[in-house]
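The structure appears below as structure tokens.
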Amino acid sequence: MKNLNFSPLKKLEIILGGEHQAFATDLLDRAGVKGYTIFNNLSGKGRHGFHEGHLMFNEDDVLIMIVAAVPEKRVNDILTGFAPFYNEHSGVVFISDIQVTRLVKFSD
Amino acid sequence: MKNLNFSPLKKLEIILGGEHQAFATDLLDRAGVKGYTIFNNLSGKGRHGFHEGHLMFNEDDVLIMIVAAVPEKRVNDILTGFAPFYNEHSGVVFISDIQVTRLVKFSD
Amino acid sequence: MKNLNFSPLKKLEIILGGEHQAFATDLLDRAGVKGYTIFNNLSGKGRHGFHEGHLMFNEDDVLIMIVAAVPEKRVNDILTGFAPFYNEHSGVVFISDIQVTRLVKFSD
């Protein structure tokens with residue numbers, strides 16, 4: 001309890017069409033990312049128009065956000081991996097600074 | 001691939017009652033915001049009590065979060081636009097620093 | 001309107017199994033946190049394997065994220081309160097810097 005180790009990491013918020021979830025998680029797995037959280041059934045408006053989130057039909061239309069915390073040194077490789085995808089599909093990756101208190105989950 | 005352009009932006013996380021979604025997205029549209037993502041069916045506790053997220057009934061009670069990435073110069077106008085709303089309704093806007101690798105989607 | 005007061009706060013993004021929601025919100029309530037927002041039905045991969053988000057059965061398996069904005073001075077106490085929990089359960093807390101324009105909701 002007396003050792004709250006704060007470790008700086010980069011948070012990646014990867015927003016993309018839900019039908020591409022396996023592509024994205026495979027890329028993260030291969031990049032050595034140990035954990036991520038997925039937000040389902042998002043709606044969004046982007047340059048490809050408005051995507052409406054709904055649960056029952058057309059799951060392919062909904063957006064998801066995959067959140068992963070990674071060491072800064074991994075960010076460029078991961079983003080380079082996603083670059084060809086985002087040249088073809090709508091979505092975006094937000095990069096921000098976070099701290100976590102349990103680094104062990106996110107590093108090798 | 002060799003040109004990963006990191007561009008600093010401000011992320012706005014706009015949390016408000018789902019029944020006010022059109023108001024918020026209209027305000028963003030008029031402010032020139034090119035894209036946003038909507039998280040539906042959130043629960044929350046604020047000064048107006050506890051709002052329970054549920055899908056089937058009383059959609060008006062659920063909260064949503066609209067996430068938009070905007071240039072810093074736009075933040076004040078957008079927040080000023082939301083200020084009268086938040087004087088009357090529960091909710092909040094979180095502002096934070098992010099980077100994205102595709103600025104073109106978010107600027108004029 | 002001419003007084004948009006930007007106040008720096010820490011955003012806590014508390015990701016944990018949905019069955020532990022009451023534990024987490026009780027801890028936040030006791031720590032004097034005035035408001036939070038809950039994201040339901042998340043999926044995730046962590047060191048305990050893959051948790052699939054779904055609505056109909058096994059609600060206990062889904063993850064939630066509780067987001068709270070707190071003054072920096074409160075962060076250590078809250079995280080210390082969560083530390084024993086995260087020694088036993090999967091999940092994580094992300095800490096990041098945000099600004100809000102309505103401090104009154106988040107301070108005593």
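Report the local net charge at A:F23: Lys and Arg +1, Asp and Glu -1, summed over other residues whose C-beta lies under 12 Å from its C-beta. Provide the component values of the computation, followed by the final result.
Working: positive: A:R30; negative: A:E19, A:D26, A:D29, A:E88.
Neighbourhood net charge equals -3.
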Sorted shortest first, the nm distances from the B:E88 label point (7 Å along Cα→Cβ) to its counterparts in the other copies are 4.7, 4.7
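Considering only Cα-Cα distances, which of the following residue pairs are longer than 20 Å: A:K10/B:K45; A:K73/B:K11; A:K11/C:K11; B:K10/C:K11?
Working: A:K10/B:K45 28 Å; A:K73/B:K11 23 Å; A:K11/C:K11 13 Å; B:K10/C:K11 15 Å.
Beyond 20 Å between Cα atoms: A:K10/B:K45; A:K73/B:K11.
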Shortest first and in nm, the label-point separations between B:E19 and its counterparts in the other identical copies (7 Å out along Cα→Cβ) come to 3.6, 3.6
With the label set 7 Å along Cα→Cβ, B:G32 is separated from its counterparts in the other copies, in nm and shortest first, by 4.2, 4.2
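Every number here is computed from the coordinates shown, using simple stated rules; none is lab data. Note that this is a predicted model, so its numbers are computed, not measured. Counting neighbours? That spans all protein chains shown, and the Cβs are built from the backbone with ideal geometry, glycine included.
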